[in-house]
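Novice: Pasting a structure here, questions to come.
The values are calculated or read from the model by the stated rules, or taken from the named source; none is laboratory data. All of these numbers come straight from a predicted model, not from anything done at the bench. A quick note on method: Cβ atoms are made from the backbone with ideal geometry, for glycine too, and the neighbour counts reach across all protein chains shown. Please note that ligands, DNA and RNA were not included when accessible areas were found on the heavy atoms of the full protein model with its side chains. Shrake-Rupley method; radii C 1.70, N 1.55, O 1.52, S 1.80 Å.
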Amino acid sequence: MWRSRDRSRSRSGGRSLLSIATAQLGATPLHYWDFTANRALFAGADVGAVTSTPGWSFTRATVGTADDLAGNIIQFASGELRRTNRGVLVEDARTNLFLNSAVGVTQSITVAAAAHTLSFRGTGTITLTGTSTAGPLVGTGANDRVTLTFTPTAGTLTLTISGSCTNVNLEAGAFASSWIPTAGASVTRDAEILTISSPGVNYPVTLFAELERAVDTGAGETWIRLDAGSENDRAILRTSVADLIANTVASAGVTQADVTVAGAMAINTVYKAASAVATNRAQIARSGILGTEDTLVTVPATPTFIRIGCNSTATLQPFGYIRRAAIFNTAMADAALQRATT
């Protein structure tokens with residue numbers, strides 16, 4: 001099983017992190033975070049682990065889990081970055097209502113009249129009765145996760161387990177989040193908030209992320225952004241409600257640009273994306289494909305925060321994995337954006 005540790009020395013062959021990042025991206029970044037290798041550059045200097053980034057702040061006041069590339073579930077302590085070789089997982093708060101969730105047993109649960117999502121791994125079946133008769137949810141393999149979204153009436157929902165059902169979640173919401181371990185009571189996994197309060201950057205800039213959507217949240221999904229402490233002045237590399245990669249810019253509370261690349265982004269697929277922001281220029285590329293440049297742009301106020309995986313109100317987490325992120329102190333030309341994202 002993959003464990004959360006730095007294995008970058010054996011892979012790098014003695015090369016500096018700056019040279020590795022430059023080779024990967026085709027340009028030299030100002031800041032760079034490789035969450036798979038647990039290494040970071042800040043102002044061009046190798047600062048070691050990502051958590052050693054100046055101004056770094058990360059909070060999640062509860063335990064959490066994440067998958068590695070082999071599908072193993074790894075548990076992380078309260079306040080620990082959920083970093084595996086799949087990247088860092090960033091999610092909003094969710095509550096697992098299913099008790100003793102490691103190995104499912106039949107139980108009755110009080111639910112509200114709102115969308116809920118049931119999920120588990122295994123070859124068994126969960127049958128719903130009481131406030132919902134949706135499903136049943138049938139497993140497809142020991143390490144395969146299956147999900148069912150349904151809206152019960154308020155009252156008591158009975159979940160009848162047959163066969164092997166492990167890592168069970170029952171959570172309010174229209175999609176499944178990562179498994180939340182429970183024992184004799186429901187457990188809430190708190191939201192993740194990752195900010196860097198000493199950005200050391202100003203416009204023009206380019207934002208980069210190598211990312212994987214684990215679910216479709218049906219809302220905006222933030223990957224990396226700059227802002228001046230609020231939503232009024234911001235530049236964001238994000239996924240739109242329509243599942244498009246987007247470069248969204250606002251200055252003094254007025255939207256300046258919202259440039260997208262055509263084609264909905266799939267689930268469980270790794271993408272590279274980069275967004276450039278300068279006076280009278282906003283452009284984006286994903287997987288080497290460009291958007292349509294916006295040439296009427298007022299840049300935001302000088303950033304005071306970098307945020308990875310959330311906005312200034314600590315919401316719009318992507319519920320996905322970020323493998324790498326970077327910031328360049330120039331607005332890349334189209335060809336450079338394409339090079340960085342292929």
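Novice: May I ask you to verify whether LEU159 is aliphatic (A, V, I, L, M), closer than 29 Å to ILE109 by Cβ, open to solvent by less than 30 Å² (accessible area, probe 1.4 Å) and part of a strand (DSSP E or B)?
Specialist: Details: aliphatic (A, V, I, L, M): yes; closer than 29 Å to ILE109 by Cβ: yes; open to solvent by less than 30 Å² (accessible area, probe 1.4 Å): yes; part of a strand (DSSP E or B): yes.
Against the criterion (aliphatic (A, V, I, L, M), closer than 29 Å to ILE109 by Cβ, open to solvent by less than 30 Å² (accessible area, probe 1.4 Å) and part of a strand (DSSP E or B)), LEU159 qualifies.
Novice: Say we look at the range 33-46 and pick out the residues that are open to solvent by 20 Å² or more (accessible area, probe 1.4 Å), out of contact with any Ser or Thr (no Cβ under 6 Å at 6 or more places or on another chain) and assigned to a strand (DSSP E or B); which of these is farthest from ILE322 (Cα to Cα)?
Specialist: ALA45
Novice: Scan the range 202-218 and give yes if some residue there is open to solvent by 40 Å² or more (accessible area, probe 1.4 Å) and of a type in the set (Val, Ile, Thr), otherwise no.
Specialist: Keep residues of the range 202-218 that are open to solvent by 40 Å² or more (accessible area, probe 1.4 Å), which gives 202, 204, 216, 218.
If we keep only those that are of a type in the set (Val, Ile, Thr) too, we end up with none.
No; the residues of the range 202-218 include none that is open to solvent by 40 Å² or more (accessible area, probe 1.4 Å) and of a type in the set (Val, Ile, Thr).
Novice: One residue is enough: does the range 314-327 have a residue meeting the conditions farther than 23 Å from ARG83 by Cβ, assigned to a loop (DSSP other than H, G, I, E, B) and open to solvent by 40 Å² or more (accessible area, probe 1.4 Å)? It would help to see each step written out before you state the result.
Specialist: Quick first cut of the range 314-327, residues farther than 23 Å from ARG83 by Cβ only: none.
No: zero hits.
Novice: Mind telling me which of the residues THR292, THR330 ends up being touching a residue at least 60 places away in the same chain (Cβ under 8 Å), assigned to a loop (DSSP other than H, G, I, E, B) and of a type in the set (Ser, Thr, Tyr)? Give the steps one after another, and end with the answer.
Specialist: Values: THR292 fails: touching a residue at least 60 places away in the same chain (Cβ under 8 Å).
None of the others qualify; the one that does is THR330.
Novice: Could you figure out which of (1) in contact with a Lys or Arg (Cβ under 9 Å, 6 or more places away or on another chain); (2) touching a residue at least 40 places away in the same chain (Cβ under 8 Å); (3) surrounded by fewer than 14 Cβ atoms within 10 Å (Cβ to Cβ); (4) not basic (Lys, Arg) isn't true of ASP144?
Specialist: The single condition ASP144 does not satisfy is (2).
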